[in-house]
1. Just checking, does region 107-119 include any residue being under 18 Å from LEU177 (Cβ atoms) and without any contact (Cβ under 8 Å) to a residue 60 or more places away in the chain?
2. Looking at ALA239, is it in contact with a Pro (Cβ under 6 Å, 6 or more places away or on another chain) and under 23 Å from ILE159 (Cβ atoms)?
3. Taking the criterion of being part of a strand (DSSP E or B), crowded, with 18+ Cβ neighbours inside 10 Å, free of Cβ contacts under 8 Å to residues at least 24 places away in the same chain and of a type outside the set (Asp, Glu), would at least one residue in region 165-179 satisfy it?
4. Within region 65-97, can you find the residues that are over 29 Å from ASP199 (Cβ atoms) and either surrounded by 13 or more Cβ atoms within 10 Å (Cβ to Cβ) or at pLDDT below 95 (or both)?
5. Evaluate the following for ALA185: is it touching a Lys or Arg at 6+ places or on another chain (Cβ under 6 Å), of a type in the set (A, V, I, L, M), farther than 23 Å from PHE19 by Cβ and surrounded by 16 or more Cβ atoms within 10 Å (Cβ to Cβ)?
6. Which one of LEU21, LEU104 is of a type in the set (A, V, I, L, M), out of contact with any helix residue (DSSP H, G or I) (no Cβ under 8 Å at 6 or more places or on another chain) and within 18 Å of ALA236 (Cα to Cα)?
7. Any idea which of (1) of a type in the set (A, V, I, L, M); (2) under 30 Å from GLN131 (Cα atoms); (3) surrounded by 18 or more Cβ atoms within 10 Å (Cβ to Cβ); (4) in contact with a His (Cβ under 8 Å, 6 or more places away or on another chain) is the one MET1 doesn't satisfy?
8. Kindly indicate whether any position in region 1-18 is under 23 Å from the mean Cα position of the chain (by Cα) and outside any strand (DSSP E or B).
Amino acid sequence: MWLQTSCELKFDITFPTPFILMLRARSGAQQWVSREEYRIEPNVPVFEFSDAYGNLCQRLVAPPGPFCIATRTDVKTSDEMDRGFGAPFIEIQNLPDAVLHYLLPSRFCESDRFGDMATEITAGCYLGYDQVAAIEAWVRNNIRYEPATSAVPASAAEINQRGAGVCRDLAHLGIALCRSLSIPARMVVGYLHELYPMDLHAWFEAYVGGRWYTFDPTQPELRGGYVTIGYGRDAADVAIYNQFGPPVIPIVQHVEVQRLARPD
């Protein structure tokens, strides 16, 4: 399907404020970016780089006063997301080098604390994809998805104790459970068509059967319409913006995802 994504952020800046942004989608295995707009007002110098995970990031210094960042992207994405029941667990010694750091505990995914819990959740499952599917279902059924209830990322351990969270929180728990079973897992941030309420979204991927598969415990079933902006170990790696200095909160954050009438 063809989708048009847009994101607008407006700030009221008091002091010159350095930003690192992550707002550009990139073409990849399941999406193709055909057109994009990136508008910054007032116009300031912007320097782009790829971070350690290959995400497209932009550096700038916002001047005092009203400051707006707006993006719009036309992208072709999958009508359906691949499922891989039966895809096998990959032994550590056979994993690609680039995947290995997705096995380790990280700031918000304390995978070294979830071994017994993950083993219990996946008891009787075929090793690999089926284990991750069982984790996805357990998080969906046991942790309440409460959109727009937290502005501060919480760790997997906190969310497991709290029993509720936003999309990134449920992804953190899913990632920690996977890594505790030596299954590489990573955070993904982007857009989802027909997400309600509409906002930027987070989910996770796991590496089994020689490739990455998508999992989303916030949705009743996996469907098409995902557009990826960035990958990372957890939310600390995939913030759509980081600002440095006195805290700055957007006075406007508006996100839209619309389906385009274009031939596939």
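The values are calculated or read from the model by the stated rules, or taken from the named source; none is laboratory data. Please read these numbers as outputs of a predicted model, since none were measured by experiment. With ideal geometry, Cβ positions are generated from the backbone for all residues, glycine too; neighbour counts draw on all protein chains shown.
1. Yes, because at least one residue in region 107-119 is under 18 Å from LEU177 (Cβ atoms) and without any contact (Cβ under 8 Å) to a residue 60 or more places away in the chain.
2. Spelling it out, it is not the case that ALA239 is in contact with a Pro (Cβ under 6 Å, 6 or more places away or on another chain) and under 23 Å from ILE159 (Cβ atoms).
3. Yes, region 165-179 has at least one match.
4. ALA87, PRO88, PHE89, ILE90, LEU95 - these are the residues of region 65-97 that are over 29 Å from ASP199 (Cβ atoms) and either surrounded by 13 or more Cβ atoms within 10 Å (Cβ to Cβ) or at pLDDT below 95 (or both).
5. Yes, satisfied.
6. Matching residue, one of LEU21, LEU104: LEU21.
7. Evaluating MET1 over (1) of a type in the set (A, V, I, L, M); (2) under 30 Å from GLN131 (Cα atoms); (3) surrounded by 18 or more Cβ atoms within 10 Å (Cβ to Cβ); (4) in contact with a His (Cβ under 8 Å, 6 or more places away or on another chain) leaves (3) as the failure.
8. Yes, some residue in region 1-18 is under 23 Å from the mean Cα position of the chain (by Cα) and outside any strand (DSSP E or B).
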